[in-house]
1. Would you confirm whether any residue within segment 136-144 is over 19 Å from Gly39 (Cα atoms) and free of Cβ contacts under 8 Å to residues at least 24 places away in the same chain?
2. Identify the residue in segment 62-90 that is more than 15 Å from the chain's Cα centre (by Cα) and among the hydroxyl-bearing types (Ser, Thr, Tyr) and, among all such residues, is surrounded by the most Cβ atoms within 10 Å (Cβ to Cβ).
3. Could you give every pair whose Cβ atoms fall below 6 Å, whose first residue belongs to segment 22-38 and is surrounded by 16 or more Cβ atoms within 10 Å (Cβ to Cβ), and whose second residue is among the acidic types (Asp, Glu), counting only separations of at least 6 or pairs across chains?
4. Looking only at segment 109-140, which residues are on the phi < 0 side of the Ramachandran plot, out of contact with any Leu (no Cβ under 7 Å at 6 or more places or on another chain) and not in a helix (DSSP H, G or I)?
5. Considering only residues of segment 1-21 that are surrounded by 14 or more Cβ atoms within 10 Å (Cβ to Cβ) and either assigned to a loop (DSSP other than H, G, I, E, B) or aromatic (Phe, Trp, Tyr) (or both), which is farthest from the chain's Cα centre (by Cα)?
6. Can you list residue pairs whose Cβ atoms sit under 6 Å apart, with the first residue in segment 108-123 being closer than 13 Å to Gly46 by Cβ and touching a residue at least 12 places away in the same chain (Cβ under 8 Å) and the second being open to solvent by less than 100 Å² (accessible area, probe 1.4 Å) and among the hydrophobic types (A, V, I, L, M, F, W, C)? Count only pairs 6 or more apart in sequence or on different chains.
7. Conditions first: (1) without any contact (Cβ under 8 Å) to a residue 40 or more places away in the chain; (2) in a loop (DSSP other than H, G, I, E, B); (3) crowded, with 20+ Cβ neighbours inside 10 Å. Val95 passes all but one, so which condition is the exception?
Amino acid sequence: MSTFSLTINNKQQSIDVEPDMPLLWVLRDVLGMTGTKFGCGRALCGSCTVHVDGEATRSCVTPVESVAGKSVLTIEGLSADRSHPLQLAWIAEEVPQCGYCQSGQIMSAAALLNQKTNPTDEDIDAAMGMNICRCGTYNRIRKAIHRAAKGGVR
């Protein structure tokens, strides 16, 4: 066991875990933040996506020791009151079906919009291509990202 100091959702956290413990399990099991989901465990589906220093990162394959001293943003930290433009656009476009992949989808979309404020369909497809939705809501996801980029829901 080792002690790590992490900044999660702008809050300092000190945790005592094995260095190779995936960040996903630190978030879910150690800190009780269950918004980030376990999907494939191999960084293939994107359900576990969080931001590490602003970059979309698969938390299921990211050892906690690699994020010590870095800033981690989870779906819980995206907006304190769930009013982030992407979250509102997701609701307006009725994106969620089963909902399981949605936190990872939204975190990947947020990373995209942080880099490109007005993405094209091709930008969206490239950024979101590694996030899998078993319900097949990709067209609605694209519409929600465009809506959020244009100012969200009014």
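1. Here is the first cut: in segment 136-144, the ones over 19 Å from Gly39 (Cα atoms) are 139-140, 142-144.
With the extra rule that they be free of Cβ contacts under 8 Å to residues at least 24 places away in the same chain, the set shrinks to 139, 142.
Yes, segment 136-144 contains a residue that is over 19 Å from Gly39 (Cα atoms) and free of Cβ contacts under 8 Å to residues at least 24 places away in the same chain.
2. Restricting to residues being more than 15 Å from the chain's Cα centre (by Cα) and among the hydroxyl-bearing types (Ser, Thr, Tyr), the top hit is Ser66.
3. Hits for this filter: Met33/Glu76; Gly35/Glu76.
4. Result: Lys116, Thr117, Asn118, Thr120, Gly129, Met130, Asn131, Ile132, Cys133, Arg134, Cys135, Thr137.
5. Filtering segment 1-21 down to residues surrounded by 14 or more Cβ atoms within 10 Å (Cβ to Cβ) leaves 4, 6-9, 13, 15, 17, 21.
Those left that are additionally either assigned to a loop (DSSP other than H, G, I, E, B) or aromatic (Phe, Trp, Tyr) (or both): 4, 9, 21.
On the way: Phe4: 22, Asn9: 12, Met21: 19 Å.
Here the answer is Phe4.
6. From segment 108-123, the pairs are Ser108/Ala56; Ser108/Met128; Ala109/Leu86; Ala109/Ile145; Ala110/Leu86; Ala111/Ala56; Leu112/Ala127.
7. Only one criterion in (1) without any contact (Cβ under 8 Å) to a residue 40 or more places away in the chain; (2) in a loop (DSSP other than H, G, I, E, B); (3) crowded, with 20+ Cβ neighbours inside 10 Å is unmet by Val95, namely (1).
The values are calculated or read from the model by the stated rules, or taken from the named source; none is laboratory data. Keep in mind the model is a prediction, meaning the values are calculated, not measured. For neighbour counting, all protein chains shown are included, and Cβ atoms are generated from backbone atoms with ideal geometry for every residue, glycine included. We work out accessible area using only protein heavy atoms, side chains counted, and drop any ligands, DNA or RNA first. Shrake-Rupley method; radii C 1.70, N 1.55, O 1.52, S 1.80 Å.
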